[in-house]
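Everything on this sheet refers to the single structure shown next.
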Amino acid sequence: MPGPPEDDGVFMNDAGGDMLGFVAGILTTAAFAPQLIRALRTRRTGDVSLSMLVCVSVGMILWLVHGVRIGDAALVLSNSASLAQAVPLLILKLRNDGWGPVHDLHLKGERPLP
């Protein structure tokens with residue numbers, strides 16, 4: 001089985017690679033902040049996609065587990081911080097909008113189509 005690729009400027013196995021991971025983590029974590037802040041201020045989450053929140057949250061959990069397994073601080077810290085924002089947004093979304101169209105129809109007193 002071949003070893004890891006040589007550092008050819010694309011893969012960085014030193015402090016530069018760690019810095020790249022931390023910058024990527026900061027940017028992806030910061031991306032959730034505006035949506036969470038807006039949802040907390042307005043208490044409205046109708047325009048937030050439930051499937052996106054679920055997929056991203058599960059992905060973050062998997063990246064967090066992977067980061068712990070390989071001992072990558074950037075993965076662990078950034079995904080922990082991102083989950084700390086995604087989970088409250090997901091909870092607010094579920095409280096406001098439920099699990100989707102069936103929940104919405106139930107609230108309106110209508111029956112779902114067969």
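Averaged across orientations, what area in nm² does the convex hull of the alpha carbons in region 15-108 project?
The directionally averaged projection comes out at 6.3 nm².
Enumerate the calculated ³J(HN,Hα) couplings along region 57-63 in order (Karplus 6.51 cos²θ - 1.76 cosθ + 1.60, θ = phi - 60°), each rounded to whole Hz, writing x wherever the residue is Gly or Pro.
So the J values, rounded to whole Hz, are 5, 5, x, 4, 4, 5, 5.
Once you list every other residue whose beta carbon is under 13 Å from the beta carbon of Q35, what net charge do they have if Lys and Arg are +1 and Asp and Glu are -1?
Combined, the nearby Lys, Arg, Asp and Glu give +3.
Every number in this text was worked out from the coordinates using simple rules, so none of it is lab data. Note that the structure is predicted; figures quoted are calculated from it, not measured. Counting neighbours? That spans all protein chains shown, and the Cβs are built from the backbone with ideal geometry, glycine included.
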